[in-house]
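Below is one structure, written out as structure tokens; the observations come after it.
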Amino acid sequence: MQFNELIENKLKDKVDIVYLDPPYKTNYAIDAIKLLVKKEILKRDSIIIIETDQKEEIIEQLENLDIDIIDERKYGRANLIFLQYKN
């Protein structure tokens with residue numbers, strides 16, 4: 001099942017926590033966040049965690065969204081970016 005289908009058909013309630021681990025070197029994390037915001041799936045102050053190896057690119061793209069970066073951590077190649085939705 002594709003992410004878009006899941007959002008459209010399965011989720012009935014707003015969510016508190018979202019963990020995104022898309023394939024590296026894709027924009028799927030940003031696309032997913034935009035879709036979550038558009039479909040109003042996130043609660044106020046929801047936490048979103050993104051696992052990526054492209055921290056700088058992700059952070060740059062997040063500047064255009066109503067999302068605050070609250071923490072960043074590095075584990076080997078992976079970076080975890082912790083976000084909070086502020087709608």
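Pairs linking a residue in the range 47-76 that is among the polar types (S, T, N, Q) to a residue that is open to solvent by 40 Å² or more (accessible area, probe 1.4 Å), with Cβ atoms under 8 Å and 6 or more positions apart or on different chains, are Thr52/Tyr24; Gln54/Tyr24; Gln54/Lys25; Gln61/Asn27. Filtering the range 66-79 to residues that are within 21 Å of Tyr24 (Cα to Cα) and open to solvent by 30 Å² or more (accessible area, probe 1.4 Å) leaves Ile69, Asp71, Glu72, Arg73, Lys74, Tyr75, Gly76, Arg77. In the range 5-16, the condition of being β-branched (Val, Ile, Thr) and modelled with pLDDT of 90 or more is met by no residue.
Pairs linking a residue in the range 16-35 that is of a type outside the set (A, V, I, L, M) to a residue that is open to solvent by 90 Å² or more (accessible area, probe 1.4 Å), with Cβ atoms under 7 Å and 6 or more positions apart or on different chains, are Pro22/Tyr28. Taken over the range 22-51, the criterion of being under 12 Å from Phe82 (Cβ atoms) and open to solvent by less than 40 Å² (accessible area, probe 1.4 Å) is satisfied by Ser46, Ile48, Ile49, Ile50, Glu51.
The values are calculated or read from the model by the stated rules, or taken from the named source; none is laboratory data. Here the structure is a predicted model, which means the values were calculated and not measured. Please note: Cβ atoms are built from the backbone with ideal geometry, for glycine as well, and neighbour counts cover all protein chains shown. For accessibility, only protein heavy atoms count, side chains too; no ligands or nucleic acids. Shrake-Rupley method; radii C 1.70, N 1.55, O 1.52, S 1.80 Å.
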